[in-house]
Structures are given as structure tokens and as C-alpha cells.
Amino acid sequence: MADYPLSSSAGRSANMRANRRADTGPEMALRRALHSKGYRYRKDYRLDLAPGARVRPDIAFTARKVAVFVDGCFWHACPQHGTQPASNTWYWQPKLKRNVERDRAADAALAVAGWEVVRIWEHETVEAAVAAVTEALVRSRAAKLATAMDDAAAVGPATTVADAAEVGPAAAVGQTATAPPAWQDRK
């Protein structure tokens, strides 16, 4: 069991108990903005990746493989607004360091699994956050289309109805034009 420090006051203790893991104010504002733009997603969705790697993005676009995290400045050691507690530093410094290390490990596990990660600080504006998520969704869609185009090119050129009419019905089903298809043998 972890050795937790005593709180400096009853007010501080109540404040720390009130911190939520999910459905924070910045996260809810981002979700409302994305939903109003027509985006649909899963919230607090558990992803079981490589053996032993579990990640819970705040917002997950599963079809496009985009994971969005809304990080609090204190809990995730924001370089601009993150503060180090003055009391109980023996407890808080390693804890905040572990949080950052866990974030990097989650990013790496998601990248290996083919997910794009978007990390948004709680101090960023909703408009900037929506723009970052939208850019990631556009990139993932473009990558998905490029992969589909590469797969189609590997199969061969597409045969149109006009091409099939010139060569005969055999071209439409991938057979050679010299051998009639099986359905033409029946009269």
C-alpha cells in the first residue's frame, strides 16, 4: 500500500477529492464542441493494445484511430502552467513524474498500434483544441484513403463498364478474353 501524506488542511483534502478522472470541465467543453460539429466518438474508451498495454483516451475516434487526451496542467506537468507543490514534495514529485512517464508510454503503445495521438492542455482554447482534433482526423482519413488507393493499385487498374464492353464480359470478371466465361457455355 502506498504511503500517502497527510493533507495540509481539510479544505485541501476536499479539493483533491473533488478532482475527477473523467468528465472534467475542459474535456466536456471539447466534447460538446466536437459533437456540435457532427463528430461522433467514444468517451473514456478502454483500448487493449499490445499484451499488457491498456490505454483510456478521453475521446476515441475508433474508425479513424485517433485518440485524444485532455491533460490537466498540474497532473501532467504542463511546461507553461504546471506547478510543483511546496508541501509533501517527497510524495508529489515522483507521482507527477510517473504521470508523465505513463503518458509517454501510452503515446508509444498507441503509435505502435497505428493510432494517432492528440494531447491537449486544459489551458488551450476550445477552438484551438477542436482545430487540433480536426486536423488529426483529416490526416487519418487521408492516410486511410492513400492506403486504399495503394491497395487498389497493387491489384491492378480498375475496369470500367466501357472497358468491359470493348473487351467483352470476360474482362469485367478478371478472365482472359480468349476463353469464354462459364456462363456463356450454357445455351
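Each value in this text was obtained by applying a stated rule to the coordinates, not by laboratory testing. Owing to the predicted nature of the structure, the values given are computational and were not obtained by experimental measurement. With ideal geometry, Cβ positions are generated from the backbone for all residues, glycine too; neighbour counts draw on all protein chains shown.
Here the convex hull built on the C-alpha positions of region 105-156 has a volume of 57 cubic angstrom per residue.
Here's how it looks for Trp115: its modeled amide H is under 5 Å from none belonging to a residue 5 or more places away or on a different chain. Packing here is the average count of other Cβ atoms within 10 Å per residue, and on that basis the peptides 61-70, 74-83, highest first, run 61-70, 74-83.
If packing is taken as the mean number of other Cβ atoms within 10 Å per residue, what is the order of 100-108, 85-93, highest first?
100-108, 85-93
When the pairs Lys97/Lys144; Lys43/Lys95; Lys37/Lys144; Lys95/Lys144 are compared against a 28 Å limit on Cα-Cα distance, Lys97/Lys144; Lys95/Lys144 fall above it. Sequence-ordered 3J(HN,Hα) estimates for region 109-117 from the Karplus curve with 6.51, -1.76 and 1.60 and θ = phi - 60° stand at 5, 5, 5, 4, 7, x, 8, 9, 10 Hz, glycine and proline given as x.
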